[in-house]
Amino acid sequence: MIVRGGNLVTPTGIVRGDLAIDDGKISAIAPELPGHPDEIDARGLTVLPGLIDVHVHLNEPGRTEWEGAATGSSALAAGGGTTFFDMPLNSSPCTVGAAEFDLKRAALGKSSVTDFALWGGIVPGNRESLAELADRGVIGFKAFMADSGLPEFPRSDDQTLYEGMCEAARLGLPVAVHAENNDLVRPPATGAGVHDYLKSRPVLAEVEAIERAALLAREAGARLHIVHISSGRGVRAALEARARGTDISIETCAHYLYFTEDDMVRIGPVAKCAPPLRSAAERDELWDSVLGGVVDIVGSDHSPAPLAMKQDPNFFRVWGGIAGVQSTLAVLLEQAGVERIAELTAANPARRFEIANKGRLAVGFDADFTLIDLAASYTVTPESLFQRHGLSPYLGSTFRGVVRRTVVRGETVFADGRIVREGGGRMIEHAPARIHA
Ligand SMILES: [Zn+2]
């Protein structure tokens, strides 16, 4: 197959040219390749490496009424994504041991239209299971420093976290943490509104947890990934830790770049997340870090729930989680250039998590890419979303850049506004030897 005449976002710059695909891999990139019966016309379109979303909760198996891999991966593909890393919760069971891993791998292998990798979980009492999870091919381990909201995935106390980090280091895998200090995010004795919620989760809780996790990771010799940093101060704390010698990577999510705490007040429960949305000043500093090269990765933290779980009059009891897997690229296009977006959403995730042959448009790499019409724009409606429930804080937002087609290992998954295949996604594994070779 030939992709003809697109603006190809390659590691060495944007080049106008053709891309050939053979057996699911990119076999040639050149200004003008010979004609072929199977061609995709990409003239006028930008060809971007497919997004690798390192942070989603598709909740399969066990909570597919919240989302599911078929719908969640379809939404990812409609937003230009070709691979996701599924968090160890909120599936049921959570991915904290080999048997749970096998269940999830089988379920996602059947229903996902994109490729995927699995995070394993660190919880009190499962240290013995981390080695078997590594053997199964987890991409890394995730721990919560604050209450996760799910009783079967308890938070890690410092000893659990430190010992988990030591084991992860031995196994050669990174540890991702939800960084909020549990004692600094207690709900108030009275008050259950959105303003009370915002006040209950201060930036300080994030900064303290990042600093503590960084110290523990440095002592353990572990690679640390901070998920969903919500504030400019949080990013600065991670950078200071890096300067002191922690191997740390910085992730933020699209909603922290697009919304502020005023939007959480305006939109209500559909915009509830933890850490919460922040002030405009924090949001602007976060953008500077994204554009300036400091933030490594932007993910979605897609964490949907049915409407009923978003309707509690007590804001603290509303399920937290923003369903945005389809909107990451759209948000980034608001301010970032496509070369920077390719780093944040494809090259850096592949490098940091040691995924071989994905994350860039280069010969020998998987033919994972998306075709974007930067001249077109669209408005988000419930009908335009491929996720299970049409709940999204982005409803009504207008974005520039329409995804025309998404291709996974040479096969079109999404085209002309429709998902065009069922299943077909493969699990990818951590592959350090091939990366370092
Ligand atoms: Zn999450």
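Data overview
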{"read-out": "Region 161-189: number of residues that are more than 15 Å from Ser230 (Cα to Cα) and in contact with a helix residue (DSSP H, G or I) (Cβ under 8 Å, 6 or more places away or on another chain)", "value": "18"}
{"read-out": "Verdict on Ala254 being within 16 Å of the ligand (Cβ to nearest atom), open to solvent by less than 10 Å² (accessible area, probe 1.4 Å) and at pLDDT below 95", "value": "no"}
{"read-out": "Of the criteria (1) free of Cβ contacts under 8 Å to residues at least 60 places away in the same chain; (2) in a strand (DSSP E or B); (3) among the charged types (D, E, K, R), which one Asp373 fails", "value": "(1)"}
{"read-out": "Selection from region 211-223 of residues that are closer than 17 Å to Gly164 by Cβ and either open to solvent by 10 Å² or more (accessible area, probe 1.4 Å) or within 16 Å of the ligand (Cβ to nearest atom) (or both)", "value": "Arg212, Ala213, Leu215, Leu216, Arg218, Glu219, Ala220, Gly221, Arg223"}
{"read-out": "Residue under evaluation Gly299, criteria (1) away from the ligand (no atom under 16 Å from the Cβ); (2) under 22 Å from Ile248 (Cβ atoms); (3) among the small types (Gly, Ala, Ser), criterion not met", "value": "(1)"}
{"read-out": "Wholly enclosed strands (runs of 3 or more DSSP E) of region 32-120 bearing at least 3 residues open to solvent by less than 30 Å² (accessible area, probe 1.4 Å) and within 15 Å of the ligand (Cβ to nearest atom)", "value": "51-56, 81-86"}
{"read-out": "Those residues of region 288-310 which are open to solvent by 30 Å² or more (accessible area, probe 1.4 Å) and within 16 Å of Ser392 (Cβ to Cβ), in sequence order", "value": "Leu307, Met309"}
{"read-out": "Enumeration of residues in region 233-261 that are outside any loop (DSSP other than H, G, I, E, B) and either of a type in the set (Phe, Trp, Tyr) or touching a Gly at 6+ places or on another chain (Cβ under 6 Å) (or both)", "value": "Glu251, Cys253, Ala254, His255, Tyr256, Tyr258"}
{"read-out": "For His302: the one exception among (1) in contact with a strand residue (DSSP E or B) (Cβ under 8 Å, 6 or more places away or on another chain); (2) at positive phi", "value": "(2)"}
{"read-out": "Some residue of region 44-62 being touching a residue at least 12 places away in the same chain (Cβ under 8 Å) and more than 30 Å from Ser303 (Cα to Cα)", "value": "yes"}
{"read-out": "Test: Arg155 is over 20 Å from the mean Cα position of the chain (by Cα) and part of a helix (DSSP H, G or I)", "value": "no"}
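The values are calculated or read from the model by the stated rules, or taken from the named source; none is laboratory data. None of these values were measured; they are calculated from a predicted model. Positions of Cβ are backbone-derived with ideal geometry, glycine not excepted, and every protein chain shown enters the neighbour counts. Remember, those area values only see protein heavy atoms, side chains included, never the ligands or the DNA or RNA. Shrake-Rupley method; radii C 1.70, N 1.55, O 1.52, S 1.80 Å.
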